[in-house]
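Working notes, structure below.
The values are calculated or read from the model by the stated rules, or taken from the named source; none is laboratory data. Computed from a prediction, not measured in an experiment: that's the story for all the values here. So basically every Cβ, Gly included, is an ideal-geometry build from the backbone, and we count neighbours across all protein chains shown.
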Amino acid sequence: MLRKLRITLAVIMLLMITFLFVGAGYGVSHWVGWTARIQFIPALLSLPFVVVAAIIVITLFFGRIYCSVICPLGIMQDIYSWLGGKFKKNRFSYVKEHKWLRYTICIVFIICLIFGFVPVTTLLEPYGNYGRIVTSFYLRNITLSIIAWVVMLVLGVLAFLYGRAYCNSICPVGTILGLFSRHSVFGIQFDMEKCKHCGLCEKNCKSRAINAMVGTIDYSRCVLCGDCMAQCKLDALHYSIKQPVPYVETNPKETVDQGRRSFLVGAALATGTAAMAQAQMKVDGGLAVIEDKQAPKRETPITPPGSVSARHIQQYCTACQLCISACPNHVLRPSSDLLHFMQPTMSYEIGYCRPECTRCSQVCPTSAIMPITKEEKTTIHVGHAVWVKDNCVVLTDGVSCGNCARHCPTGAIQMVKYSHKGQTVMVPAVNEIKCIGCGACENLCPSRPFSAIYVEGNVKHHVD
């Protein structure tokens, strides 16, 4: 019953989270947005810490249910492990906990999370990894796709061969919850009067936490999948209040689990092989070649309204890509900057940030993008427009334009007289006090490949 209940809840949760990422641009967060907010790291980065406290209390009472039912990356690995079991039965064996590896990675992760070193936290955080895997299938970003697919491949192979090796040796969330589940009130226990030490439970434990010879379970690694109980033919395993017997690890014939170490190699590979997306050329009706716009070099990155600043994003964002999936105008995209690796930045080659849209602030499961109203958004200045006269078609091609001024929603751009080669022409002038940095001018500027007017980000957003 425990196993069937776990599988049912896990499948429902995985489908809802996947649906959230796939349908984020269509407003589905109203129904399933809570699935992102109950993830451990996003909840840890949000205030107040009610969800984190609830997860810890549940873990203290019932064990690591979170890892089997709520964490999407853990559920995904269970699917890979289940597929591996179709090829080879009874393939696991007990291995001693690699404490030095688990706690070293966990401490490094916490330090990087506190000081905002994004590349490490991005590659290790489970919820964000699953989000990038899902969104990589429909977001056209080469860097995102390469990283997500390498992580998916490494985790898939690792889970296929070694079960929950990542969760119990690498994942910082698994390590943190393991500290509490080690002392949980309830747990799976041996009935030594019935147990014949056949080893079926150990051979089917994907956490490799059961030592059938001595009848012990490492509760810090047990994720309560129920596979051991389902395989026991003698009804010698039960989920009940744990007996006050200290956990003892004994296994003289310990085997080395090379698969756990392979994840570190895979993670380094993912970072090293990430490539920047290149601008492409396309043909319009077979009549003329039209260049796609290229992003200008900005001194300060532009972050979404509600995110306060790039520094704030760096501290609180898990780089899950949910806001990027939700953006209807494709303004948000993953950053390739190491300081903000895979976190959302704004650029306007494809579209611009419409003043009435607040979807990214509605779906963000952390406080990286604060919830804002449509009225509040029109008062937030995320950047300011800058005119580049060398790119302006009024001066380069001798034509009248004014596209930027016509489409500016705040009236921050006015056309003024300008003397050029003995003639008076009309060029844009920017009122930085009125400009909110929405990017309409940059996006609708006819100049190619670089716009004659672009948005430079504000170090810290300010409000009227």
Restricting attention to the range 333-353, which residues are under 16 Å from Arg140 (Cβ atoms) and in contact with a Cys (Cβ under 6 Å, 6 or more places away or on another chain)? Pro344
Scanning for something crowded, with 21+ Cβ neighbours inside 10 Å, in contact with a helix residue (DSSP H, G or I) (Cβ under 9 Å, 6 or more places away or on another chain) and farther than 22 Å from Phe21 by Cβ, does the range 144-153 turn up at least one residue? no
Pick from the range 416-448, criterion in contact with a helix residue (DSSP H, G or I) (Cβ under 7 Å, 6 or more places away or on another chain) and closer than 17 Å to Lys293 by Cβ, ranking: surrounded by the most Cβ atoms within 10 Å (Cβ to Cβ): Cys441
Filter the range 63-117 for residues that are crowded, with 22+ Cβ neighbours inside 10 Å and of a type in the set (Asp, Glu) and give the result. Asp78
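Within the group Phe186, Phe160, Phe190, which residue is more than 22 Å from Leu60 (Cα to Cα), touching a residue at least 40 places away in the same chain (Cβ under 8 Å) and among the aromatic types (Phe, Trp, Tyr)?
Working: Phe186 fails: more than 22 Å from Leu60 (Cα to Cα); Phe190 fails: more than 22 Å from Leu60 (Cα to Cα).
So the residue among Phe186, Phe160, Phe190 that is more than 22 Å from Leu60 (Cα to Cα), touching a residue at least 40 places away in the same chain (Cβ under 8 Å) and among the aromatic types (Phe, Trp, Tyr) is Phe160.
Regarding Gly63, is this residue in contact (Cβ under 8 Å) with a residue 40 or more places away in the chain and touching a strand residue (DSSP E or B) at 6+ places or on another chain (Cβ under 7 Å)? First the steps, then the outcome.
Details: in contact (Cβ under 8 Å) with a residue 40 or more places away in the chain: yes; touching a strand residue (DSSP E or B) at 6+ places or on another chain (Cβ under 7 Å): yes.
Taking the combined requirement at face value, the residue satisfies it.
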Restricting attention to the range 329-354, report how many residues are surrounded by 18 or more Cβ atoms within 10 Å (Cβ to Cβ) and outside any loop (DSSP other than H, G, I, E, B). 7
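Could you count how many residues in the range 201-226 are surrounded by fewer than 22 Cβ atoms within 10 Å (Cβ to Cβ) and either charged (D, E, K, R) or under 20 Å from Val173 (Cα atoms) (or both)?
Applying the first criterion (surrounded by fewer than 22 Cβ atoms within 10 Å (Cβ to Cβ)) to the range 201-226 yields 202-204, 213-216, 226.
Those still in the list that are either charged (D, E, K, R) or under 20 Å from Val173 (Cα atoms) (or both) too: 202-203.
Summing the residues that are surrounded by fewer than 22 Cβ atoms within 10 Å (Cβ to Cβ) and either charged (D, E, K, R) or under 20 Å from Val173 (Cα atoms) (or both) in the range 201-226 gives 2.
Right, Ile413: more than 23 Å from Leu45 (Cα to Cα) and either crowded, with 23+ Cβ neighbours inside 10 Å or of a type in the set (Val, Ile, Thr) (or both) or not? Reasoning before the result, please.
Working: more than 23 Å from Leu45 (Cα to Cα): yes; either crowded, with 23+ Cβ neighbours inside 10 Å or of a type in the set (Val, Ile, Thr) (or both): yes.
So Ile413 passes the test.
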Can you find a residue that is in contact (Cβ under 8 Å) with a residue 60 or more places away in the chain, on the phi > 0 side of the Ramachandran plot and surrounded by fewer than 22 Cβ atoms within 10 Å (Cβ to Cβ) anywhere in the range 41-51? no
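For (1) under 30 Å from Met213 (Cβ atoms); (2) β-branched (Val, Ile, Thr); (3) not assigned by TED's automatic domain parsing to the domain that holds Ala36, each residue gets a yes or a no:
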| residue | (1), (2), (3) |
| --- | --- |
| Lys88 | yes, no, no |
| His98 | yes, no, no |
| Cys106 | yes, no, no |
| Val118 | no, yes, no |
| Glu125 | no, no, no |
| Tyr130 | no, no, no |
| Val134 | no, yes, no |
| Asn141 | no, no, no |
| Trp149 | no, no, no |
Helices (runs of 4 or more DSSP H) wholly inside the range 125-200 containing at least 3 residues that are closer than 24 Å to Leu338 by Cβ: 126-135, 142-162
Find all pairs meeting these conditions: Cβ atoms under 8 angstrom apart; at least six residues apart or on different chains; first residue within the range 417-430 and modelled with pLDDT of 90 or more and among the aromatic types (Phe, Trp, Tyr); second residue surrounded by 10 or more Cβ atoms within 10 Å (Cβ to Cβ) and in a strand (DSSP E or B). Tyr418/Val425; Tyr418/Met426; Tyr418/Val427
